[in-house]
Structures are given as C-alpha cells and as structure tokens.
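The values are calculated or read from the model by the stated rules, or taken from the named source; none is laboratory data. In this text, all values refer to a predicted model and were calculated from it rather than measured experimentally. Backbone-built Cβ (ideal geometry, glycine too); neighbour counts: all protein chains shown. Just so you know, the surface numbers come from the protein's heavy atoms only, side chains and all, with ligands and any DNA or RNA stripped out. Shrake-Rupley method; radii C 1.70, N 1.55, O 1.52, S 1.80 Å.
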Amino acid sequence: MNDILMRQAQLREAISEELEARIAEHQLSVSRINEGIVRRKAHGLAPRLPQLDFLAIGDSWFEYPLNDYGVPWSNQAIVAKSQLQSIGNPPPQILSFATHGQAMTAIMSWQNQDRIVRALKDPKQWLNGKTADAILVSGGGDDIAGDQFAIYLDYQGKGLDKARFQGVLASVQASYMDLFALRDEVAPGVPIFAHCYDYAIPNGVHPGVLGGPWLQPPLQFSGYDYSEGLVIVKNAIDEFYQLLDKLSKVPKNNFIVVKTIGTLTRDNTHPLGWANELHPYTLGFAALAKRFLSTLQSYPKFKGRI
C-alpha cells in the first residue's frame with residue numbers, strides 16, 4: 001500500500017512539474033510575440049493580425065503522447081503544436097493543462113481549478129494582456145469509459161441503462177456548470193468550447209502504456225458482443241452530445257459545442273479510423289482539430305482572427 005501511495009504521489013508531482021513547464025514555455029512564447037509586435041511598430045511595419053490565445057483543459061483527446069503505433073511520442077492530439085496550433089490564419093497560441101486519463105470530475109478538482117484561476121488571472125500569460133480569449137475543453141469521456149462502464153449497462157440484454165447512465169451524465173453536467181461558474185468569476189465573457197467525441201469501437205485494442213481496454217471488458221462481462229457493443233457505445237455518445245447541446249442552448253453559459261461526431265470512421269484500418277478503442281490515428285486527430293478550427297472561425301468575435 002505504501003508503494004502504491006508513493007507512486008501516486010510521484011505521478012502527481014511529475015504532472016505538476018510538466019504543467020508548470022508548459023506555463024513557463026507559453027509565457028515565454030507570449031513575451032517573444034509581443035516583443036516582435038513592438039519591433040514591427042518601431043520600424044513602421046504594418047501590424048500583423050493578432051493571434052488568439054486559448055487555455056485548454058481536458059483528457060487524452062487534448063493530450064495523447066503516443067504515435068500511431070502506440071510508441072511514446074510528442075503530443076498528437078487536437079490542441080497539439082502539430083495540430084490546432086499549426087492551422088488557422090494565424091494559428092492560435094494554446095496553454096494546455098490537459099492530461100490523459102482525466103475524468104471531468106478530476107479536471108475540475110480544486111487543485112486543477114486553482115491552477116486554472118491563477119493562469120486566467122495572470123495578464124502576463126496572455127497575448128491580449130488580460131486573460132485567455134477562450135477555454136477549450138475535452139472532458140466527459142473518462143467519466144464514462146473504463147471498468148466503471150459496467151455500471152451503466154443493463155444485465156437483461158437491454159443495452160445502456162438510461163436511468164443509471166443519467167447519473168454519470170449528471171456528474172459531468174455538474175462539472176461543466178462548475179466550470180461556467182468559475183469562468184464567470186475570474187474571466188467573465190470568455191467563451192468555452194467543448195467537443196462531444198465520436199462513435200468509438202469496443203474492439204479491445206489498447207496501447208497498454210496508457211491502460212485499457214476501456215469498453216470491451218465491461219461489455220463482455222455484461223453479456224454483449226461486439227455488434228451489440230457498437231450500438232451501445234453509439235447510444236452513449238448520442239446521450240452525451242445531447243447533454244452538451246442542452247447546455248449550449250443556455251445563453252448565460254456562453255458555451256459552444258464542437259460537433260465532432262461523424263468525423264471518424266468506425267474502422268481500425270482506415271487513416272481516419274481508430275488506433276485503439278478510444279483514440280484515433282494522427283490523421284484523425286488532425287481532422288478533429290479542423291472541426292475545432294471551423295467552429296472557432298465561425299464564432300462572431302473570432303472572425304478574421306484565426
């Protein structure tokens with residue numbers, strides 16, 4: 001038990017150190033960009049289109065440190081430097097606090113909220129000298145997928161137990177509502193964008209180093225085969241999307257859903273398919289990043305800035 005607690009403490013410390021390094025790197029980038037703006041102005045050059053600067057929080061769809069073969073690699077996910085930060089005109093700057101394996105309830109733990117607050121309130125951290133232009137979120141998938149997925153399955157062959165599934169969705173909703181309240185307190189008016197995942201395939205494939213499988217074991221334990229599992233997972237994603245869509249229809253939430261459903265193909269051999277049960281190949285992440293870009297470009301206050 002002591003060894004387990006020690007390893008958990010070491011992991012938390014490593015994550016904290018990684019996030020602090022990201023903060024320092026982002027602040028340095030902001031400083032360099034602002035210095036460049038000053039030099040251009042001093043030499044009478046036309047100002048460039050100001051870049052947008054986002055805070056990203058979430059799970060492995062924002063921080064996936066593996067390549068298409070499951071080998072440890074630099075981040076390949078939606079907000080990575082090789083993805084969303086490399087597209088757009090001009091591409092956005094992003095300070096990412098995302099960490100793979102985080103449920104939405106973990107993303108909104110008090111420790112993470114404290115880090116979010118400190119970042120949003122630090123004017124030196126942002127290109128506009130105030131706060132983030134938007135908050136990007138990838139959260140909710142790890143609340144559902146995993147060994148606990150068995151809780152939401154009916155043992156009488158009816159598939160997803162909607163009554164029990166509403167319980168986890170209520171927890172996810174509470175986390176998003178807490179994020180809205182936090183934003184209103186420290187960065188009022190800043191929009192929040194979140195995606196709704198896509199129709200995963202419960203085939204038991206997993207990268208190992210990040211855990212898994214997350215879907216097939218609980219489905220098999222509950223008496224469902226692969227074809228039945230495909231339907232159950234689709235229904236779960238649809239229910240999750242409906243939750244986010246409902247939240248987006250409340251104006252005071254200032255919340256926009258990036259509809260990522262239908263971006264990927266339910267295939268583990270297609271380049272736009274699934275590398276494992278929960279994560280696409282790099283080209284799939286690129287397609288998802290383009291969905292984010294399109295949604296950001298259509299936001300009225302961002303038109304012509306990304």
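Residue separation of Ser29 and Ser248 scaled by 0.36 nm, minus their Cα-Cα distance, works out to 75.6 nm of gained length. The charge dipole of the chain, taken about its Cα centre with unit charges on the Cβ of Lys, Arg, Asp and Glu (plus for the first two, minus for the last two), comes to roughly 1600 debye. With both labels modelled 7 Å from their Cα along Cα-to-Cβ, the Lys301 to Gln220 distance reads 4.9 nm. Of the DSSP H helices in the chain, those with a Cα length along their own long axis of 27 Å or more and a mean Kyte-Doolittle hydropathy reaching -0.5 comprise 162-186, 226-248. Near the amide H of Gly159, within less than 5 Å, lie the amide hydrogens of Asp154, all on another chain or at least 5 residues away, with H placed in the peptide plane.
The relative contact order of the chain comes to 19 percent, based on Cα pairs under 8 Å that sit 6 or more residues apart. Taking 28 Å as the cut-off for C-alpha to C-alpha distance, list the pairs among Lys121/Lys234; Lys41/Lys303; Lys81/Lys162 that go past it. Over 28 Å Cα-Cα: Lys121/Lys234; Lys81/Lys162. Note the listed values [x] 18.6, 55; [y] 21.8, 70; [z] 19.9, 74, then indicate which one is Rg and Dmax of the Cα atoms in Å calculated from this particular structure. Matching entry in [x] 18.6, 55; [y] 21.8, 70; [z] 19.9, 74: [z]. Looking at the chain, which longest stretch skips every one of the chymotrypsin sites (Phe, Trp or Tyr not before Pro) that is in a DSSP loop with at most 13 other Cβ atoms within 10 Å, leaving the sites themselves out? That would be 156-306. Accessible surface comparison of Ile256, Ile37, Ile107, probe 1.4 Å, protein chains only, largest first: the order is Ile37, Ile256, Ile107. Here the spin labels are modelled as points 7 Å beyond Cα on the Cα-Cβ line, and at Lys124 and Ala181 they lie 3.2 nm apart.
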